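A short write-up of the structure that comes next.
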Amino acid sequence: MSPDRSRLHIALQKSGRLADQSRQLLKAAGLKLSEAGKNHLTARAENFPLDLMFVRDDDIPTFVADGVCELGIVGQNVLEEYALGQQGRRFEEVARLGFGRCSLKIAAPDSLNFFNVAMLAGQRIATSYPHLLERFLAERGISAEIVTMRGAVELAPRLGIARFICDLVSTGATLEANGLAPVADVFDSEAVLVRTSKPIDA
Ligand code: PRT
Ligand code: ZN
């Protein structure tokens with residue numbers, strides 16, 4: 001199904017850390033949004049030819065890269081991980097939005113007194129961002145085993161799955177609660193507005 005090209009389509013996170021601020025941003029820009037109920041996957045702007053699509057943040061790069069949505073609001077971490085996995089990007093960053101700030105960091109058990117990135121060689125590192133981690137390691141000539149987990153990455157050391165983790169951090173409270181401490185920065189991120197660079201057929 002190809003979208004109605006007389007209207008713009010923007011992909012937003014349905015629920016989660018970016019959802020409220022993404023909608024607030026559109027409202028602050030003067031758009032009147034028809035109130036979407038909790039289970040609605042789309043909404044319309046009443047005063048501008050714009051449709052909103054509420055999806056999981058992980059799906060936003062695909063929607064925008066494929067041109068299903070001309071625009072999207074998503075974290076740079078999700079975009080970059082997607083681009084590295086696809087060996088290319090079909091979207092352009094239009095603006096940094098100043099919210100959703102976080103940093104992808106490597107963390108180690110807080111009992112570790114000394115850390116140097118070379119210590120990652122030959123170790124297992126659990127992450128939901130295997131491509132970003134792989135690039136970080138490759139740039140430093142380090143060979144390590146990446147264990148991909150969809151969530152609960154902080155539990156990996158305690159479960160004996162991996163000694164190190166690579167996960168998003170904002171306040172650091174989750175790491176601390178799990179006896180972990182940040183030791184290296186892999187990627188800094190914030191929410192961005194992206195547009196497709198796929199040619200749109202009329
Ligand atoms: O359901 P859906 O797939 O859409 O959502 P999600 O669960 O995948 O993502 P969500 O809503 O958790 O995060 C959406 C985006 O918010 C991320 O892709 C980041 O760009 C951004 N963001 C900002 C964060 C954080 N801060 C953050 N702290 N995403 C996740 N976290 C997690 C982190 O993974 C860890 O578990 O929060 C925990 C750590 O928080 P602190 O404050 O204890 O350090
Ligand atoms: Zn997600």
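Comparing Pro130, Pro109, Pro49 in a Gaussian network model of the chain, where Cα atoms under 10 Å apart are tied by springs, the biggest mean-square fluctuation is seen for Pro49. Gain on full extension, evaluated as 0.36 nm per residue between Arg56 and Asn39 minus their Cα-Cα distance, stands at 4.8 nm. Model label points for Arg150 and Ala118, set 7 angstrom from Cα along the Cα-to-Cβ axis, are 4.0 nm apart. In terms of its C-alpha gyration tensor, the range 110-172 has a rounded overall shape, because the principal axis ratio a/c (a ≥ b ≥ c, square roots of the eigenvalues) stays below 1.5. Among the GluC sites (Glu not before Pro) found in the range 1-106, those both in a DSSP coil and sparsely packed, with 14 or fewer other Cβ atoms within 10 Å of their Cβ, are Glu35, Glu46. Note: relative contact order over the chain, using C-alpha pairs below 8 Å and six or more positions apart, is 27 percent.
Restricting the chymotrypsin sites (Phe, Trp or Tyr not before Pro) of the range 47-135 to loop positions (DSSP other than H, G, I, E, B) with no more than 11 neighbouring Cβ atoms within 10 Å leaves Phe114.
Between Arg96 and Lys27, the FRET efficiency estimated from the beta carbon spacing at R0 = 22 angstrom works out to 0.70.
Extension gain for Ser111 to Ser197 (0.36 nm times residue separation, less C-alpha to C-alpha distance): 26.3 nm.
Computed from the Kirkwood radius of its Cα pairs, the Stokes-Einstein diffusion coefficient for the chain at 4 °C and 1.567 mPa s stands at 71 µm²/s. Given the rule -39500 (n - 2.57) for each run of at least 4 DSSP H residues, summed and divided by the residues of the chain, what is its mean residue ellipticity at 222 nm, to the nearest 500 deg cm²/dmol? Mean residue ellipticity at 222 nm (helix-derived): -6000 deg cm²/dmol. DSSP beta bridges fully contained in the chain are about 65 percent antiparallel.
Between Ile142 and Asp188, what length comes free when the chain is fully extended (0.36 nm per residue of separation minus the Cα-Cα distance, one decimal in nm)?
On the way: separation 46, 0.36 × 46 = 16.56 nm, distance 2.05 nm.
Gain on stretching Ile142 to Asp188: 14.5 nm.
Here the simple spin-label model places points 7 Å from the Cα toward Cβ, and for Glu134 and Asn47 these points are separated by 4.7 nm. Please list, by residue number, every one of the trypsin sites (Lys or Arg not before Pro) in the range 125-158 that is coil in DSSP and has at most 11 other beta-carbon atoms within 10 Å. Sites meeting the loop and neighbour criteria: Arg150.
Every read-out reported here was derived from the displayed coordinates using simple, explicitly stated rules and does not represent laboratory data. Model, not experiment: these values are computed from the prediction. With ideal geometry, Cβ positions are generated from the backbone for all residues, glycine too; neighbour counts draw on all protein chains shown.
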